[in-house]
Amino acid sequence: MKLSEFIRPATLAEARKALRALGPKGMPLAGGTALHFMQGKTPVTAVDVTRLGLSYIRQKGNYFVIGAATPLSDIQRYRGPRWAMHEICRRISTHQIRNVSTIGGNIARVFPWADLPVVLLAMDARLVIYSGKEKEMTADEYFSAQPARLFRGGDLLTAVKIPVLKAHHGFGSVKVTRNAAAFSLATVAALLELKDGVIKAARVAAGSAIPFPQRLKPVEAALVGKEAVTAVFKEAAAAAGAAAKWVGGEGMSADYIRQLAEVSILDALERAAEFARGRAE
Amino acid sequence: MKRHEKARNFKQVNTSVTKIDALQLALGKDSYVADFVPNDALIIKMLWSPHAHARIKKLDVSKAEKMPGVKAVLWYGNVPRIAHCTAGQGFPEPSPYDTFMFDKKVRFVGDRVAAVAAETEEQALAALEVIKVEYELLKPVFTLDEAMAPGAPVIHDEAEAHVPIPIPYEPKKNLVAHVACEAGSFEAGLKQADFKFDHTYETPYAQHCPIEPYTSLAQIAPSGRIHITTSTQVPFHCRRIVAKTLDVPVQKIRVVKPRIGGGFGCKQEILLDDVTAMFALRTGRACLWQFNREETFRTGRTRHPFRIRLQAGVKKDGTITAINMEAINNTGAYGGHGLTVVSCAGSKVLPLYHCENIKFDGKSYYTNLPVAGAYRGFGATQAFFAMESLMDQMAEAIGMDPMKFRQINHIREGEGSPIFAALGEGREGTPMTVGSNALAECIVQGAEAIKWQDRKDWRGKTGRYRRGMGMACLMQGSSIPDIDMGAASIKINDDGSFNLLVGATDLGTGSDTVLAQIAAEELETATDKMIVYSSDTDLTPFDVGAYASSTTYLSGEAVRKAAADAKRQILHTGAEMLGLPVEQVRCEDSAVISADDKHRVTYGDIAKYSLYQKNQYQIIGTASHITKKSPPPFAAHFAEIEVDTWTGFIKVLNYVSTIDCGTAVNPQLAEGQTEGGTLNGISYALTEEYLFDRDGKMQNASFADYHIYSMRDRPPLNIILVPSYEDTGPFGAKSVSEVSINGAAPVFANALYNATGARVREFPLTPERVLKAIKAAEKK
């Protein structure tokens, strides 16, 4: 992708106005790490969104609110009560990339290998979009298709709201890569709510090994109402085959990737259960 | 004093001085080719073949020539057609002359079609888009079986393809090279065996991945000569090959090698300089060509994939009675290094273990895939995977610990091997005995570091994560005897400093520092008195270049001899100044001192005297060196791994890499080479892979998709330098740079077997391949 101009608006309203005026010739730009992967020969005008006060992490009521322009390295370093986002963030790419790549950039355009959509789906996050005023939507709605549809007319993603996990809630994620800086072969995230050792609610999502990140509803269904034990997790993970279209990659077959995803689901569930029991806080 | 302890008395050698270019590089000073590009240089871009095998029926560059900013276009219609070899080897090369600057035929995806030089990169790229090419597609050859099949498509059907020396070459059969030898009788040896083995192994493609891609800058000097600044391992071969390809006299060309950002063998080829030089001649302008990463993967050189059939017999007492290695490599579309790499699969591997009946047959075939060339390890890496995997199997068959089996069989000091004499590089080898060998001690120290005594047969375990331990013994060579030559000159300056001029080529290895240490040791002065310049075909003496693990051993001895020559002159003038016979003075601490220690003149005094005062002359030493031996460095590698038997992922828990490189001239740099080579090998064994589509196009030509290790992937790595003393090398040194890459693949294969009973005979050990092997082993 080639850039012809670079605009630095001072406020959210100015940024929206500029993007609205530019239409398809404009593009919001934060860390810029996605440029490398974007084809397109027509140069575009970049609208810098890193100076709009959107880089922050705050706990507000039942949510952690993360500004859309917050770099992944800040999320990796942040610590809060029952905070789980640092684990996945420290596994994404390299230090150099994480210092510039933002949470908003990671999810405003969903690449097949993106990890954060998987985590946000499992965590039941809420997304805040500015269209002159702010509106919220669920991760399920936001990630139901490429989010580009939500940003027409210069609208911008401004924040990600992550529910503060309650007691008996547990979160676990698994990112499988060939080496430290590589894209994921499979990313899995799971949120479990336990009551007296029984799974009251479950959200399980996957990405990278499938064309677009999604929740694995058959896996979730196989968990609810059952005991949080390995045998149950295994049985639930086995439902993954039917839950999504697994695709091969990096020279490995779709069948292998499915097996890898099943093991990853099991691992994520074990981690989530351990978290819920209070050990991994 | 034990022989290997000799090195303790050295003052400059066996010391970890700081690399002499460290500060310059750390501060980001102009150092590399791209740092020297004038602002008005033309930018070169190449139109690469999208087809693996095709004839160009029509090529129209007329539109491109008229595009804005375009200064010249090169294609087969406007350049000389001269068959040559791009590999920078000895001369004449033991490789076919099968390459043309541009040709009417393309032989792999990434072959040259036409090139543009324009004012900007954008203009050059735009011009490439309007070049019209009509191809006649030919049936491609992608596997060794397809290449060898009767009636296979002929990749080099041009009349000019030939070999410059009498060696087997049959392009009509796609056969690039064939070499065979037998010592004793394999058949007779096999009959004596209690256990017989016959297995076939496959090794994969890989790229060297230097941080600095291929880069070449050509300019026309005011004198009209062509001045090439290039990222090369072989400046003198570059000059010779460019002269041939352009049909201009060698005299007209100057090649300068500045600092280099890594080579590992891939820059032992002339892949850019003929084009940059031709554009400079055509335009009179400075012309820059730099490969991007994708081009480095697709068009740059790679490691030869091998298929190796290994047969062997062993007696119950551990005697290896017979070995037969049949090695076939895929050299890709062009044949440089095809013969030498397959020869080294035998010559650098088979001498390691005692055996009286050894047979070797090596072949190299063309395919329509990326071109293979020199790569650290050079055939030995591939063959050691087979050999060291089979060593473990033989040990198991006779119920012996695999370490003990190696200990009773490995070659020792004073011993020879018929293979040394039988297999050379393009001709017979040189008979030799091993002069220095600390392999026994390498094994002992490595075993202790990995805790080999705790190793058990863990195949019966059933848990998800299983541990295993494996090992391998390795060797390489140091220079190519009777073929390679290095030379150096050294002259004194007013203040007692010295200019050391070498044709040897520091690629980032630290060889300039090592050579300075050797010169300083011989001259009894300090390393920081050396101003090293390498390499420049106008100014420095000849050297074949940085390859075949030769710089420290070969060029280092040339430097030592040149320094000894200068020292002789210093002693002569010092004695004259002191009014003493030369027998009564010695050199010490940058001065000439009388035997009774009462009188001294410093090197600075001697320089000023000899340059300005009396009987003036330039104190200058010069020397050349060829070697009669290629003393092997030895290594023993050990690893403990953890295998996830549900996913097939391998985690390296601990890796011990021992090495006997003779005297480590600079121990820290030797450790760096060993650690780098070992990691390079680990990455090759586990994660690096060329993935092709059905049309022979590499699919993962970027660092996002081709998984080479970064420092974050580095497992716990224990490097142990085990000293020995090689009498034929400078201050006891032999080579260090290649041998360490040979270990990881067989070590992991053996450890995987120890952990799970799964025996893999091909790599990389991708999780899917490992999982499949584990499941197959479980079924048994």
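The values are calculated or read from the model by the stated rules, or taken from the named source; none is laboratory data. It should be emphasised that the depicted structure is a prediction, and the values quoted were computed from it without experimental measurement. Glycine also receives a Cβ, built like all others from the backbone with ideal geometry; neighbour counts cover every protein chain displayed. The protein model used for the area step is the full one, side chains on, heavy atoms only, and it has no ligands, DNA or RNA in it. Shrake-Rupley method; radii C 1.70, N 1.55, O 1.52, S 1.80 Å.
Some notes on this structure:
- Residues that are open to solvent by 10 Å² or more (accessible area, probe 1.4 Å) and of a type outside the set (A, V, I, L, M, F, W, C) were ranked within the range B:730-753; the one that is farthest from B:THR15 (Cα to Cα) is B:TYR753.
- Total residues in the range B:744-772, condition within 14 Å of chain A (Cβ to nearest Cβ) and either part of a loop (DSSP other than H, G, I, E, B) or without any contact (Cβ under 8 Å) to a residue 24 or more places away in the chain (or both): 4
- On the stretch given as the range B:677-693, residues that are more than 19 Å from B:ASN742 (Cβ to Cβ) and more than 9 Å from every other protein chain (Cβ to nearest Cβ) total 3.
- Cβ-Cβ distances below 9 Å connect the following pairs, each with a first residue in the range B:292-305 that is in contact (Cβ under 8 Å) with a residue 60 or more places away in the chain and charged (D, E, K, R), a second residue that is part of a helix (DSSP H, G or I) and buried (at least 24 other Cβ atoms within 10 Å of the Cβ), and a separation of six or more residues or different chains: B:ARG303/B:VAL341; B:ARG303/B:THR381; B:ARG303/B:GLN382; B:ARG303/B:TYR684.
- Qualifying position, being farther than 24 Å from B:ALA380 by Cα and either at pLDDT 95 or above or surrounded by fewer than 24 Cβ atoms within 10 Å (Cβ to Cβ) (or both), among B:LEU691, B:LEU653: B:LEU653
- Options B:GLN311, B:GLN290; residue that is open to solvent by 20 Å² or more (accessible area, probe 1.4 Å) and in the same structural domain as B:MET391 (by TED's automatic domain parsing): B:GLN311
- Checking each residue in the range A:89-107 for being out of contact with any Gly (no Cβ under 6 Å at 6 or more places or on another chain), more than 14 Å from chain B (Cβ to nearest Cβ) and crowded, with 22+ Cβ neighbours inside 10 Å picks out A:CYS89, A:ILE103, A:GLY104, A:ASN106, A:ILE107.
- Among the residues listed as B:VAL33, B:VAL79, the single one being within 34 Å of the chain's Cα centre (by Cα) and under 30 Å from B:GLN668 (Cβ atoms): B:VAL33
- Test: residue in the range B:578-585 that is crowded, with 16+ Cβ neighbours inside 10 Å, in contact with a His (Cβ under 7 Å, 6 or more places away or on another chain) and either within 24 Å of B:GLU448 (Cα to Cα) or modelled with pLDDT of 95 or more (or both): yes
- Note on the range B:715-729: residues that are of a type outside the set (Gly, Ala, Ser) and crowded, with 24+ Cβ neighbours inside 10 Å total 1.
- Segments classed as helices (runs of 4 or more DSSP H), wholly inside the range A:221-281, with at least 2 members that are open to solvent by less than 40 Å² (accessible area, probe 1.4 Å) and either within 14 Å of chain B (Cβ to nearest Cβ) or under 20 Å from A:LEU165 (Cα atoms) (or both): A:230-237, A:254-276
- Scan of the range B:694-714 for residues that are open to solvent by less than 10 Å² (accessible area, probe 1.4 Å), more than 8 Å from chain A (Cβ to nearest Cβ) and not in a strand (DSSP E or B), ordered by number: B:GLY696, B:TYR706
- The condition (being among the basic types (Lys, Arg) and under 30 Å from B:GLY416 (Cβ atoms)) is satisfied by just one residue among B:LYS628, B:LYS614: B:LYS628.
- Residue within the range A:166-181 that is over 25 Å from B:VAL652 (Cα atoms), open to solvent by 10 Å² or more (accessible area, probe 1.4 Å) and either within 14 Å of another protein chain (Cβ to nearest Cβ) or of a type in the set (A, V, I, L, M) (or both) present: yes
- Residues that are under 22 Å from A:PHE275 (Cβ atoms), part of a loop (DSSP other than H, G, I, E, B) and free of Cβ contacts under 8 Å to residues at least 24 places away in the same chain occur in the range A:194-216; there is at least one.
- Taking the criterion of being over 9 Å from A:VAL188 (Cβ atoms) and among the β-branched types (Val, Ile, Thr), the residues of the range A:249-281 that qualify are A:ILE257, A:VAL263.
- Residue match in the range B:662-675 (condition: part of a helix (DSSP H, G or I), open to solvent by less than 20 Å² (accessible area, probe 1.4 Å), among the β-branched types (Val, Ile, Thr) and more than 14 Å from chain A (Cβ to nearest Cβ)): yes
- Candidates A:VAL44, A:VAL65: the one that is touching a strand residue (DSSP E or B) at 6+ places or on another chain (Cβ under 7 Å) and not assigned by TED's automatic domain parsing to the domain that holds A:PHE151 is A:VAL44.
- Pair list, Cβ under 7 Å, 6 or more apart: the range B:525-537 residue within 30 Å of B:ILE241 (Cα to Cα), other residue part of a strand (DSSP E or B) and open to solvent by 10 Å² or more (accessible area, probe 1.4 Å): B:ILE531/B:ASN499; B:TYR533/B:ASN499; B:TYR533/B:LEU501; B:ASP536/B:VAL256; B:THR537/B:ARG254
- Residue within the range A:113-127 that is of a type in the set (Lys, Arg) and touching a residue at least 12 places away in the same chain (Cβ under 8 Å) present: yes
- In the range B:395-421, the residues that are open to solvent by 40 Å² or more (accessible area, probe 1.4 Å) and more than 17 Å from B:MET471 (Cα to Cα): B:ARG412, B:GLU413, B:GLY414, B:GLU415, B:GLY416, B:PRO418
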